[in-house]
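These notes concern the structure reproduced below.
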Amino acid sequence: MNLVVFSDIESTGKWLATQALLEKLKKIKPDLIIYLLHYGTNDMMLDKALFASTISLPRPPLIPPFPYYRQILLELVSQVKALRSLTLKVKPDLVITTEYSFVYTTKQVLPSTKLIFHFHGFTHFFILGWEGFNLYLFLIKALERISWLLVDRLILPSTNVKPVIRKELGLFYRPNNIQVIDNLLPQYFSTHYTRAERIKMRKSVGIKAKHRVVLYVGRISEKKGLENLFAALPLIRRSLKDILVVIVYPDFNMNYTIWEKLQTVIDAQNLRPSVIFLKNYTRQKLPALYQLADLAILPSELEMNSLFLLESLASGLPILSTASGNAINLLGKVDTSLLLKNSQPVTIARSVIRYFSKPVFWQTKIKKRLRVRFQELDWKNAATDLSGLLTFIKYT
């Protein structure tokens, strides 16, 4: 079976979740041949051995006239050329895309080929009204929603995403076109590090023995709540002088406006001693960071089924999260104090201080509950479900 995948390899969580699923799928179906067409030039998170071939597509530049509309058109043209070039060598049986634009490309080049959209979040989540209406934003938002109606299956990362899609599609929502397949984690997240290894890791990244480590892993971008986290840090330091926030982030596909805001706050509040940034940290070493940290935090405004949250659960690392995406389902059954009532700085500060004020035996109990909660999830069946889905779609 020949499978064509289209994605953006710099979209971090979205790409990592898709790749982890493909890796598991390849183990179940060794005869599966996967071809990748992708945006993004940084291949730090790309497992090249998984794919028979990879084709990188450049993003068209914004050039007048009508630069944004022109970019949409040029993206489609370049995708069509790349897919047609691939079909000269192989005959695709199935196509999986995480990008809405490739739905239209596939319908143009391979109209009879079965098509799956692997949804991990909105590409465009603009709230549009009559006041300040923007035709371009309306167009791309509409194109994304319409693309979900054109595919043979829309795969969602968790059950809680269904109401979100139903709200977006309204009367056009088709429940029989939707399947939930939970996100997978790579095998290396089951690695256990000894105390000696964790101490060595702490020293290597500049974490002192006295530090209470709060960890964030993810992109520096809008709606992640990082501005509120850093606004909360001075409030936290009033009670916890030894607090250290460790930010693990990729330096590609990041919002530099937010980055500059964070740096301004750090300098203005003299927060340098309380913050460490780890850029492009090797993912295979991430489990060690999770295991040496004391607490994780996810102050995002918008999530679906966060890999950071799942990775924290797998590591037994307590995490404070907004009630976004799958957090209520995952953390609510462990302890409701792990759910932030909102993402405001005062709320974040109070929650962090309250957690560290708890006795050690309570924190240990929470860690055990998190591991048990992770084992209760049915994510292990995700690749099997997808394998059955692919076979179903191919022969129907």
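Just so you know, all these numbers are worked out from the coordinates, no wet-lab data involved. Everything numeric here is computed off the predicted structure, so don't read it as measured data. A quick note on method: Cβ atoms are made from the backbone with ideal geometry, for glycine too, and the neighbour counts reach across all protein chains shown.
Would you calculate, for the chain, the mean residue ellipticity at 222 nm contributed by helices, counting each DSSP H stretch of 4 or more residues as -39,500 (n - 2.57) and dividing by all residues, to the nearest 500? All intermediate terms of the calculation are to be shown ahead of the outcome.
On the way: 14 runs with 172 residues, N = 396.
Helices in the chain give a 222 nm mean residue ellipticity of -13500 deg cm²/dmol.
Of the listed pairs K91/K141; K14/K162; K208/K365; K27/K107; K241/K367, which have alpha-carbon separations greater than 27 Å here? Could the numbers behind the result be given before it?
Values: K91/K141 31 Å; K14/K162 17 Å; K208/K365 25 Å; K27/K107 29 Å; K241/K367 24 Å.
Over 27 Å apart, Cα to Cα: K91/K141; K27/K107.
Tell me the volume per residue, in Å³, of the convex hull enclosing the alpha carbons of the range 187-376.
On the way: hull volume 21.5 nm³, N = 190.
Convex hull of Cα atoms, per residue: 113 Å³.
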Over the range 147-266, equivalent-ellipsoid semi-axes from the Cα gyration tensor in Å:
38, 22, 13
Net length gained if the chain between S56 and D335 were fully extended (0.36 nm per residue, minus Cα distance)
96.0 nm
Give me the percent of Cα-Cα pairs in the range 233-288 that sit more than 20 Å apart, rounded to a whole number.
35 percent
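For the chain, what relative contact order do you get, as a whole percent, if you take Cα pairs closer than 8 Å and at least 6 residues apart?
Reported relative contact order: 15 percent.
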Point-to-point label distance, S387-M1, nm (Cα→Cβ direction, 7 Å offset):
1.0 nm
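R166 to L139: FRET efficiency via 1/(1 + (r/R0)^6), r the Cβ-Cβ distance, R0 25 Å, to the nearest 0.05? Don't skip to the answer; put the middle values down first.
On the way: r = 23 Å, r/R0 = 0.91.
Efficiency, from the Cβ-Cβ distance: 0.65.
For a quick protection proxy, order the peptides 6-19, 235-248, 201-214 by their average other-Cβ count within 10 Å, most packed first. Don't jump to the answer; show the numbers that get you there.
Details: 6-19: 22.6, 235-248: 17.9, 201-214: 15.1.
The peptides rank, most packed first, as 6-19, 235-248, 201-214.
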Using a simple spin-label model with points 7 Å from Cα along the Cα→Cβ vector, what separation in nm is obtained for V372 and D267?
5.0 nm
Compute the normalised compactness of the chain: alpha-carbon radius of gyration over 2.2 N^0.38 Å, N being the residue count.
1.02
Virtual paramagnetic centre 7 Å along Cα→Cβ of R70, amide N under 11 Å, in the range 139-166
none
Which of the peptides 249-259, 106-116 is most tightly packed, and how do the rest follow, going by the mean number of other Cβ atoms within 10 Å of each residue?
106-116, 249-259
Out of A232, L302, L370, whose Cα points farthest toward the positive end of the dipole of the range 187-376 (charges: +1 Lys, Arg; -1 Asp, Glu; placed on Cβ)?
L370
With Cα atoms, 0 to 90° folded angle of helix 226-239 axis to the chain main axis:
10 degrees
Ranked packing of 29-42, 48-61, most packed first, by mean Cβ within 10 Å:
29-42, 48-61
